[in-house]
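What follows is a set of notes on a single structure, which appears directly below.
The values are calculated or read from the model by the stated rules, or taken from the named source; none is laboratory data. Quick caveat, the model's predicted, so the values are computed rather than measured. Here Cβ is always computed from backbone atoms with ideal geometry, including for glycine, and neighbour counts include all displayed protein chains. Keep in mind that these areas ignore ligands, DNA and RNA; they rest on the heavy atoms of the full protein, side chains included. Shrake-Rupley method; radii C 1.70, N 1.55, O 1.52, S 1.80 Å.
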Amino acid sequence: MDPVVFVLNGPNLNLLGLREPAVYGSSTLADVEALARATGDRLGLVVECRQSNHEGDLVDWIQEARTRARGIVLNAGALTHTSVAIHDAIRGVGVPTIEVHISNVHARESFRHHSYISPVAAGVIVGLGLDGYDLALQALARRIKRPDPSEPITA
């Protein structure tokens, strides 16, 4: 059976394509999910996509990944900059997590420059649009299929 990877999207990502198209582009959440599933199919991964505007849902799904998934791609949206609970969940489950942001958060407001997720993430991808999801899934696939998945990913 192919390994399962969760693609989790946080607050306001359900508004992709409508909200600030100059920042996030015109693609929708359905486009993100279709891209993630197609990438997963190509890489031999089963991709489960979920979105919530509620922090507790994301924490529950991260905890669920402990027994159901081999990796997580997480765009926590604004919760990236505020949620110790998400940080603790990622740290607690030990499932490799790639933090993804569609926009370049470092070129935006200063409050977006700090991430509570980055210190516990296996990697961080920012500012590459929807390509970030594709790249995160590629990195997780390589990590999952290595003999020792705890080793860092190298080029």
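For residues in segment 58-74 being among the β-branched types (Val, Ile, Thr) and more than 23 Å from Gln138 (Cβ to Cβ), which is least open to solvent (accessible area, probe 1.4 Å)?
Step one: list which residues in segment 58-74 are among the β-branched types (Val, Ile, Thr), which gives 59, 62, 67, 72-73.
With more than 23 Å from Gln138 (Cβ to Cβ) added as a condition, the list becomes 59, 67.
On the way: Val59: 24, Thr67: 104 Å².
Result: Val59.
Sort through Glu33, Glu48, Glu55, Glu20 and tell me the only one that's in contact with a Leu (Cβ under 6 Å, 6 or more places away or on another chain) and either of a type in the set (Asp, Glu) or under 23 Å from Ser103 (Cα atoms) (or both).
On the way: Glu33 fails: in contact with a Leu (Cβ under 6 Å, 6 or more places away or on another chain); Glu48 fails: in contact with a Leu (Cβ under 6 Å, 6 or more places away or on another chain); Glu20 fails: in contact with a Leu (Cβ under 6 Å, 6 or more places away or on another chain).
Exactly one residue qualifies, and that residue is Glu55.
Considering only residues that are under 14 Å from the mean Cα position of the chain (by Cα), open to solvent by 70 Å² or more (accessible area, probe 1.4 Å) and closer than 20 Å to Glu20 by Cβ, which ones fall in segment 75-126?
The answer is none; no residue qualifies.
I'm checking my understanding of the structure. Among residues of segment 142-152 that are within 18 Å of Gly44 (Cα to Cα), assigned to a loop (DSSP other than H, G, I, E, B) and not basic (Lys, Arg), which one is modelled with the highest pLDDT? Talk me through it step by step, then tell me what you get.
So in segment 142-152, the residues within 18 Å of Gly44 (Cα to Cα) come out as 142-147, 149.
Retained after the next criterion (residues that are assigned to a loop (DSSP other than H, G, I, E, B)): 146-147, 149.
After this cut, where a residue has to be not basic (Lys, Arg) as well, the list is 147, 149.
Details: Pro147: 60, Pro149: 53.
Among residues in segment 142-152 that are within 18 Å of Gly44 (Cα to Cα), assigned to a loop (DSSP other than H, G, I, E, B) and not basic (Lys, Arg), the one modelled with the highest pLDDT is Pro147.
Could you count how many residues in segment 86-141 are in contact (Cβ under 8 Å) with a residue 40 or more places away in the chain, assigned to a helix (DSSP H, G or I) and more than 20 Å from Thr28 (Cβ to Cβ)?
Of the residues in that region, 4 qualify.
Identify the residue in segment 5-48 that is assigned to a strand (DSSP E or B) and among the aliphatic types (A, V, I, L, M) and, among all such residues, is farthest from Leu79 (Cα to Cα). Steps first, answer last, please.
We begin by selecting, within segment 5-48, every residue assigned to a strand (DSSP E or B); these are 5-9, 46-48.
Add one more test, that the residue is among the aliphatic types (A, V, I, L, M), and what stays is 5, 7-8, 46-47.
Details: Val5: 21, Val7: 16, Leu8: 12, Val46: 26, Val47: 22 Å.
The selected residue is Val46.
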